[in-house]
Amino acid sequence: MTPETNRNSNFYRPPKTGRKSQREAEYYASSNAGMSNTHLANRQAFYRHRLIPNQLIDTNNRSTKTTIFNHSVSAPIGFAPIGINKIYNPAGEAAVSKVASELNLPYCLSTAGSTSIEKVASANGAGTRFFQLYMPHDDELTVSLLTRAWENGFDALILTTDTWQLGWRHDDVASSNYAFYRGFGADLGLSDPVFRRRCVADGIDPDVDVVAASTKWIDSVWHGRAWSWEKIPWLMETWRGISGGRPFVIKGIQSVGDARRCVELGVEGIVVSNHAGRQVDGAVASLDALERIAEAVGERIYVMFDSGVRGASDVVKALALGARFVFIGRLWIWGLSIQGEDGVRHVMKSLLADLDILMGVAGFNGVEDFNRDILESDSKNYTLMQKNL
Ligand SMILES: Cc1cc2nc3c(=O)[nH]c(=O)nc-3n(C[C@H](O)[C@H](O)[C@H](O)COP(=O)(O)O)c2cc1C
């Protein structure tokens, strides 16, 4: 089955362009796990909650500003970690992190990035940036990545725990759409002294055989080998030792039990996320997970959210349900795909404008106004079909 004939998929397809590589990028960004049911659930959950606008509130001095881990930022909105940005546009992570800095929104660099830690830091300048770890089964390599991240101003560590390997994504499987095995997405490894030593030990010259080195990189950080809770104290202590105690976050939490375990272990923050529905098909909506998790542990840990946010009202709903901060993924990838750096800037500035205007017209003055009282929630099954993003 080719991507074009997979009519069961209910996920968004951007308009086709002529270039094969561009089509591959579009498919990679659009693919979800299995039948896309988790993605659908993510979007449906937003429809079950409705905002209740207030009238005659003086919102003339409203502000979208907030803080995250002691950083003052423009809005409770950040750039989610997304790998291999250069498949969408050659400007890649440097352009995206530059825009994040301009807008004063936090930027998260993925371990599967296609631009080195050092170059991203330079493009991001004085911006707020965090490092997302896909954790190698090679402690020396992990320490090397964390050290480079800290020395280059990445101020929080975010461990992603839902992707020990890529989910079963029909379209990518059908078309063998894995840029990682074509030499993309290994830049953090190719620029790492420990990883380069590992390549040489295996007879790979990382400067000459980039495809072999990239394959080795992605197999080093992924591919079927899970870590378990027992390793978390080591990672926290290692990061805190390197960074002098900066925050440690786990991304991918969906159950109350796991959220409680994070609290018990002393993890500073969690990102309630199901990876945009790309990992487990038929799973709970991330927004529904958020509601339960925030109720259980929201007072004891910094709760962040992502998966399915497509506009400012979604941001507000997530905050009203207990998130303190929201990350955005596909929106800015689409901007990057369509118009490079300008596309990312346009999409994220539009989201900020959307949020500001929504606050103005619905009677909200600041993020502290977003709470359960502004939501009407309905358990009826609102059907939202495939055309929605
Ligand atoms: C194309 C694509 C690549 C992604 N790459 C990563 C990654 O490298 N690391 C990671 O932790 N999450 C990754 N994610 C998940 C995002 O960080 C985030 O959880 C998700 O995109 C949020 O949902 P949204 O796209 O609906 O906003 C990726 C998501 C997409 C769509």
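When Leu105, Leu352 are sorted by how many other C-beta atoms sit within 10 angstrom of their C-beta, beginning with the fewest, the order is Leu352, Leu105. From its DSSP helices (H runs of at least four residues, each -39,500 (n - 2.57)), the chain gives a residue-normalised ellipticity at 222 nm of -12500 deg cm²/dmol. Do the alpha carbons of any pairs in Lys251/Lys317; Lys231/Lys317; Lys65/Lys231; Lys98/Lys216; Lys86/Lys349 sit beyond 24 Å of each other, and which pairs? With Cα atoms farther than 24 Å apart: Lys231/Lys317; Lys65/Lys231; Lys98/Lys216.
Is the shape of segment 254-326 best called rounded, prolate or oblate, per the rule: a/c under 1.5 gives rounded, else a/b larger than b/c gives prolate, else oblate, with a ≥ b ≥ c the square roots of the Cα gyration tensor eigenvalues? Oblate is the answer for segment 254-326, as a/c is 1.5 or above yet b/c matches or exceeds a/b.
Computed over the chain with a Gaussian network model linking Cα atoms closer than 10 Å, the most mobile of Asn42, Asn60, Asn124 is Asn60. When all alpha carbon pairs of segment 242-389 are counted in 10 Å bins from zero, the resulting P(r) reads 10, 35, 37, 17, 1 %. The C-alpha atoms of the chain define a longest principal axis, and helix 37-48 lies at about 20 degrees to it. Here the residues Phe180, Phe69, Phe305, Phe325, ranked from fewest to most Cβ neighbours within 10 Å of their Cβ, fall in the order Phe69, Phe180, Phe325, Phe305. Sorting the segments 292-304, 194-206, 90-102 by their residues' average number of neighbouring beta-carbon atoms within 10 angstrom, most packed first, yields 90-102, 292-304, 194-206. Residues Phe79, Phe46, arranged from fewest to most other Cβ atoms within 10 angstrom of their Cβ, appear as Phe46, Phe79. How charged is the neighbourhood of Val263? Take every other residue with its Cβ under 12 Å from the Cβ of Val263, and add Lys/Arg as +1 and Asp/Glu as -1. Value of the local net charge: -1.
Taking a ≥ b ≥ c as the square roots of the Cα gyration tensor eigenvalues, segment 14-95 comes out oblate, since a/c reaches at least 1.5 and a/b does not exceed b/c.
Summary of the geometry: segment 277-313 and segment 182-216, compared by the centres of their Cα atoms, lie 36 Å apart. P(r) tail for the chain: Cα pairs beyond 33 Å make up 27% of the total. Projected label points at Ser228 and Glu368, each 7 Å from Cα along the beta carbon direction, are separated by 4.5 nanometres.
FYI, it's all coordinate maths here, none of it is from the lab. The model shown is predicted, which means the values in this text are computed figures rather than measured ones. Don't worry about glycine lacking a Cβ; one is built from the backbone with ideal geometry, like all the others, and counts go over all protein chains shown.
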